[in-house]
Amino acid sequence: MRQGCGVVVLVLALCGDASAQTVHKCVGRDGTASYQSQPCTQDAREVRTYEAAPEPPPTAEQLRALDQRRARERAESAFLSRRAGTDRQAVERSRIVRERPALSTGACEAAKAARQQTLDVVGLKRNYELLSRLDANVRAACK
């Protein structure tokens, strides 16, 4: 039944006229249903007819409510991205950590200092991925 409703909506969307129209549901000999604005052909039998009126355009209040809902969804998405560490700032922080050149002399102390410097810059906006990467750099340098 839902599939039939979707077809009715599609038929209504394709109809350019703003007035009510009659939709005919026809069933062919092989059992397939079709929805059309013209009466059924001789090959099919008419099961039902629908009087379909187009949906009115949204009011200014409905459009305003839709804009507010979309703004809330964008804000929630940005909040969740920050919490997950996938926002642009987190990606930039991880790029800085990856691009830091390896130091040959005193590499262990340099890696520890670099980790501390990064943590000072990031502050409380650190995440698990950043901390893991910094610790892995220190472990690799202090082997």
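What about E51, is it open to solvent by 100 Å² or more (accessible area, probe 1.4 Å), of a type in the set (D, E) and within 30 Å of C26 (Cα to Cα)?
Judged against the criteria, E51 is a match.
Taking the condition modelled with pLDDT under 90, part of a loop (DSSP other than H, G, I, E, B), closer than 30 Å to Q21 by Cβ and not aromatic (F, W, Y), does P39 pass?
On the way: modelled with pLDDT under 90: no; part of a loop (DSSP other than H, G, I, E, B): yes; closer than 30 Å to Q21 by Cβ: yes; not aromatic (F, W, Y): yes.
The answer is no for P39.
Output the residues belonging to the stretch 73-88 that are over 12 Å from K125 (Cβ atoms) and either open to solvent by 100 Å² or more (accessible area, probe 1.4 Å) or part of a loop (DSSP other than H, G, I, E, B) (or both). Please lay out each step first, then the result.
Restricting attention to the stretch 73-88, the residues satisfying the condition of being over 12 Å from K125 (Cβ atoms) are 73-81, 84, 86, 88.
Hits for the stretch 73-88 are R74, E76, T86, R88.
For the stretch 42-65, give me each residue that is in contact with a strand residue (DSSP E or B) (Cβ under 7 Å, 6 or more places away or on another chain) and not in a loop (DSSP other than H, G, I, E, B). Before you say what the answer is, go through the steps one by one.
Residues of the stretch 42-65 in contact with a strand residue (DSSP E or B) (Cβ under 7 Å, 6 or more places away or on another chain): 44-52.
Listed by number, the residues that qualify are R45, E46, V47, R48, T49, Y50, E51, A52.
Kindly check whether there is at least one residue in the stretch 48-64 that is among the polar types (S, T, N, Q), more than 30 Å from A140 (Cα to Cα) and modelled with pLDDT under 80. Before you say what the answer is, go through the steps one by one.
Kept after step one, since they are among the polar types (S, T, N, Q), are these residues of the stretch 48-64: 49, 59, 62.
Okay, now just the ones that are also more than 30 Å from A140 (Cα to Cα), so 49, 59, 62.
Still in the list and also modelled with pLDDT under 80: none.
Taking every residue of the stretch 48-64 in turn, none turns out to be among the polar types (S, T, N, Q), more than 30 Å from A140 (Cα to Cα) and modelled with pLDDT under 80.
Could you tell me how many of the residues in the stretch 123-143 are within 14 Å of R83 (Cα to Cα), touching a Lys or Arg at 6+ places or on another chain (Cβ under 9 Å) and in a helix (DSSP H, G or I)?
In the first step, residues of the stretch 123-143 are kept if they are within 14 Å of R83 (Cα to Cα); the result is 124-130.
Still in the list and also touching a Lys or Arg at 6+ places or on another chain (Cβ under 9 Å): 125-127, 130.
Filter again for in a helix (DSSP H, G or I), leaving 125, 130.
Here the count works out to 2.
The values are calculated or read from the model by the stated rules, or taken from the named source; none is laboratory data. Just so you know, these numbers come straight off a predicted model, no measurement behind them. Note that we place each Cβ from the backbone using ideal geometry, even for glycine, and neighbour counts take in every protein chain shown. Calculation scope for accessible area: heavy atoms of the full protein, side chains included, ligands and nucleic acids excluded. Shrake-Rupley method; radii C 1.70, N 1.55, O 1.52, S 1.80 Å.
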